Structures are given as structure tokens and as C-alpha cells.
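See structure below.
The values are calculated or read from the model by the stated rules, or taken from the named source; none is laboratory data. Since this is a predicted model, take the numbers as computed values, not measurements. Cβ placement follows ideal geometry from the backbone for every residue including glycine, while neighbour counts extend to all protein chains displayed. Please note that ligands, DNA and RNA were not included when accessible areas were found on the heavy atoms of the full protein model with its side chains. Shrake-Rupley method; radii C 1.70, N 1.55, O 1.52, S 1.80 Å.
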Amino acid sequence: QPAASPPRPPLDGDVIVSSVSDGDTISALTPDGQIDVRLIWINAPENGECLAPEARGHLEESLTAGPLRLETHGFDQYGRTLAVVWAGERNVNRGLVEAGMAIATADSGDFLTLERSAAAAGLGLWAKDACQDGPMPAVTIDRARSTFDAPGADGSNLASETVTIRNAGDIDVDLRGWVIRDESSRHRFRFPDGALLRRGETLTITSADAGWDPGGSPVWNNDGDIVMILDSHGRVVDHWRYGPAP
């Protein structure tokens, strides 16, 4: 998501939502015509991911809180209008993060505080039983051994961007179907069949490793990002927000 540009005058008065694609994307009829809108500074689960239906439902409900206004901030790489969506006095973007239905992005200012509060309270995506009951595997991010700002040009030193995970529990963990991701909608590392993290052991994944989608490019923002480990059900097993404090 590109850095926000100064907001244009708001689009209000006759904004009508025509469809909701997922928890952070809508189509709307505005005085400027039909537009696709990507809610800025947040990232809700993609369709097919854990809590995607709940995030979409939360967005749909939030849009009924009052007349709609779009505080626009330019466009993303797909030509969608980046916007804060207001429903009456309700900031819809903030509400999604506050409820744990979306993560913040590192350039979002006080949204990061809302994200931390939702995570601490175990809301939405941060709930231990999100999408699956049962004990949470004791797999953690090894903060001391992970490196997100590779020396030199990031694009030519992918093997030096690393995430190290540790099995802090007393049983081996089958990593088949597990995912490591950043704050974007793009970068996902999927562990292959047969991947096993034995108790007490660590495993380091670099941005050069096979398994990244799309792969072949830097993953981690140097100035701030989030690392998330998801189990095969999509639960957030551990996460680490590095970079400037909110």
C-alpha cells in the first residue's frame, strides 16, 4: 500500500455502497461515478483466510451506521481509491482494527495502538480460538535472531532478510499448512508437507527461500512491519510488530 497523499475534498452526500468484496474493499456509487475503494491503513483477511467472513460482515454492518463519506488519499497500484470510510460519525477503518477484524499498517499512526489493544484483549484475529478450538502450539518468533533490514540493497540480498521461529513447547510441531506473513496482502510463506519443528529447535526462513508467494523480492519493510505465524487453521500463533512505537 503506497504512502498516503494529502486528502482530497471528501466525497459525501450521495455515496452509496454497491458491493462489499471483503473486509477492506468496497465498490461505491459517488458523485464522481462508480469507484472501487480500498480502506486505507488497514488490512483485513483475504477471502478464504481465517475470519474473512466475519471481517466482511463487520464492514457491512459498520456501513449502516449513518450517511457515508469518503476521506480519500489517492490511489493504490490497482487504481482503487484509498480512503477512510466514515458512516455518520463512525470511522469504519478504525472500527475494524479496534474489533480485531483487520491489522494496521506501519504508516497508520494511532491505528497501531488500536491493533495492540485488540491483540492484548484477544479480539477477532487475535483470539486463541479464532477458526479453531484447542491448545495453541508453543511456536514463537525468535526476535533476537530475525533480521528484517538486510545489509546493502534489499533486492540483491534476499537471503539476509530472515525470520527465525522456535518451538518452545515439549512436543514436535507439524508445520504443514502453516504460514508466515507480513502486513501486506501479498507476501505469504507456506511450509511444505513434511516440515517439522522439533521441540526446543529453531528454524530460519529467508526471503530467498522457495515457498514465498510471490517470491523473488524483499518481504519486510525496513522501517516497520508485522511478522505473523499462522497455523494450518489460520490462527495467529505468534506475532511481532517491529519498528516505531505508536
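Numerical summary
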| read-out | value |
| --- | --- |
| Pair list, Cβ under 6 Å, 6 or more apart: the stretch 37-50 residue modelled with pLDDT of 90 or more, other residue basic (K, R) | R38/R80 |
| Those residues of the stretch 97-112 which are acidic (D, E) and either in contact (Cβ under 8 Å) with a residue 40 or more places away in the chain or buried (at least 21 other Cβ atoms within 10 Å of the Cβ) (or both), in sequence order | D107, D110 |
| When residues of the stretch 10-50 are limited to those that are open to solvent by 20 Å² or more (accessible area, probe 1.4 Å) and of a type in the set (S, T, N, Q), the one nearest to the chain's Cα centre (by Cα) | N47 |
| Selection from the stretch 113-171 of residues that are charged (D, E, K, R) and in a strand (DSSP E or B) | R166 |
| Members of the stretch 90-113 that are out of contact with any helix residue (DSSP H, G or I) (no Cβ under 7 Å at 6 or more places or on another chain) and not hydroxyl-bearing (S, T, Y) | N91, N93, A106, D107, G109, D110, L112 |
| So L82, is it within 18 Å of W41 (Cα to Cα), without any contact (Cβ under 8 Å) to a residue 60 or more places away in the chain and of a type in the set (A, V, I, L, M) | no |
| Only one of D142, D172, D133 that is under 20 Å from H233 (Cα atoms), of a type in the set (D, E) and within 23 Å of the chain's Cα centre (by Cα) | D133 |
| Identity of the residue in the stretch 77-86, open to solvent by 20 Å² or more (accessible area, probe 1.4 Å) and not hydroxyl-bearing (S, T, Y), that ends up nearest to N221 (Cα to Cα) | Q77 |
| Top-ranked residue in the stretch 56-75 [being touching a helix residue (DSSP H, G or I) at 6+ places or on another chain (Cβ under 8 Å) and in a helix (DSSP H, G or I); ranked as farthest from D32 (Cα to Cα)] | H58 |
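Yes or no, residue by residue, for (1) open to solvent by 30 Å² or more (accessible area, probe 1.4 Å); (2) touching a Phe, Trp or Tyr at 6+ places or on another chain (Cβ under 9 Å):
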position	(1), (2)
G88	no, no
G95	no, no
L114	no, no
A120	yes, yes
K128	yes, no
C131	yes, no
M136	yes, no
N157	yes, no
E161	no, yes
